[in-house]
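Remarks on the structure that follows.
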Amino acid sequence: MGAEEDRFHSLIFTYGTLKRGFSNHVLIQDLIATGDATFVAVCRTTAQFPLVCGPYRVPFLINLPGSGHRVSGELYAVSARGLGLMDELEGTSHGHYERLPIEIEEAAGDGERRRWVEAYFAHSSYAAELWRKSGERGYSTYSEKEATGYVKRKDRPQNLSFLEQIRLFVASS
């Protein structure tokens, strides 16, 4: 990590709603404002991974390297506090997502720079079913097109947990 990044705790690859221009980027903006995050680079995964949309057009990266596409996203350096807030948003303690290592490649002035960072993957308890539900077809990027129909958490049914909503989604025909 560079000198600027040294004060940060983790490097996080974002591929969905945390990216600039999407609904949850407000969290990253807040973290940048408090000094708990900084933008590092636009990047993509070195390996292919499935990127699919689940219920409410929520994006999920699935930990099946070699399937899907090389996925584009953004890399952020975050503090321990920032990482805690991101984990809370991603529901890591509730089994929504799990934060795992991933190798990314960023375009640098002198070519490509590869490094290991972390990303939020669909939890392994439902990831394979989500991939099957998508017809084993994914996206290389979560763009405005894929985000069309995205429903913010506050606007989703409150009588079911997000895991219940995912299970209903993968079980539907």
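Could you go through the range 32-42 and let me know if any residue there is of a type in the set (Phe, Trp, Tyr) and in contact with a Gly (Cβ under 9 Å, 6 or more places away or on another chain).
no
Out of Gly54, Gly21, I need the residue that is open to solvent by 40 Å² or more (accessible area, probe 1.4 Å), small (Gly, Ala, Ser) and within 15 Å of the chain's Cα centre (by Cα). Which one?
When all the criteria are applied, what remains is Gly21.
In the range 100-138, what count of residues is obtained for those that are of a type outside the set (Gly, Ala, Ser), at negative phi and open to solvent by 70 Å² or more (accessible area, probe 1.4 Å)?
Selection size over the range 100-138: 9.
Looking at (1) aliphatic (A, V, I, L, M); (2) in a helix (DSSP H, G or I); (3) at pLDDT below 95, which is the only condition Leu160 fails?
Looking at each condition in turn, Leu160 falls short on (2).
Please determine, by comparing only the residues of the range 141-165 that are among the polar types (S, T, N, Q) and over 11 Å from Arg57 (Cβ atoms), which one is surrounded by the fewest Cβ atoms within 10 Å (Cβ to Cβ).
The selected residue is Asn159.
List, please: which pairs have Cβ atoms under 6 Å, are six or more places apart or on different chains, and start with a residue in the range 119-139 that is under 15 Å from Cys53 (Cβ atoms) and end with one that is loosely packed, with under 15 Cβ neighbours inside 10 Å?
Here the result reads Phe121/Leu100, each pair linking the range 119-139 to a residue that is loosely packed, with under 15 Cβ neighbours inside 10 Å.
Suppose the filter is β-branched (Val, Ile, Thr), closer than 30 Å to Ser173 by Cα, in contact with a His (Cβ under 9 Å, 6 or more places away or on another chain) and modelled with pLDDT of 95 or more; does Thr45 pass it?
Spelling it out, it is not the case that Thr45 is β-branched (Val, Ile, Thr), closer than 30 Å to Ser173 by Cα, in contact with a His (Cβ under 9 Å, 6 or more places away or on another chain) and modelled with pLDDT of 95 or more.
What are the pairs, 6+ residues apart or on separate chains, where a residue within the range 28-51 that is under 14 Å from Leu83 (Cβ atoms) has its Cβ under 7 Å from a residue that is open to solvent by 80 Å² or more (accessible area, probe 1.4 Å) and not β-branched (Val, Ile, Thr)?
Taking only residues 6 or more apart or on different chains, the pairs are Asp36/Arg81; Thr38/Glu4.
The values are calculated or read from the model by the stated rules, or taken from the named source; none is laboratory data. Remember, it's a predicted structure, so these values are computed and weren't measured experimentally. So basically every Cβ, Gly included, is an ideal-geometry build from the backbone, and we count neighbours across all protein chains shown. With ligands, DNA and RNA removed, areas are computed over all heavy atoms of the protein, side chains included. Shrake-Rupley method; radii C 1.70, N 1.55, O 1.52, S 1.80 Å.
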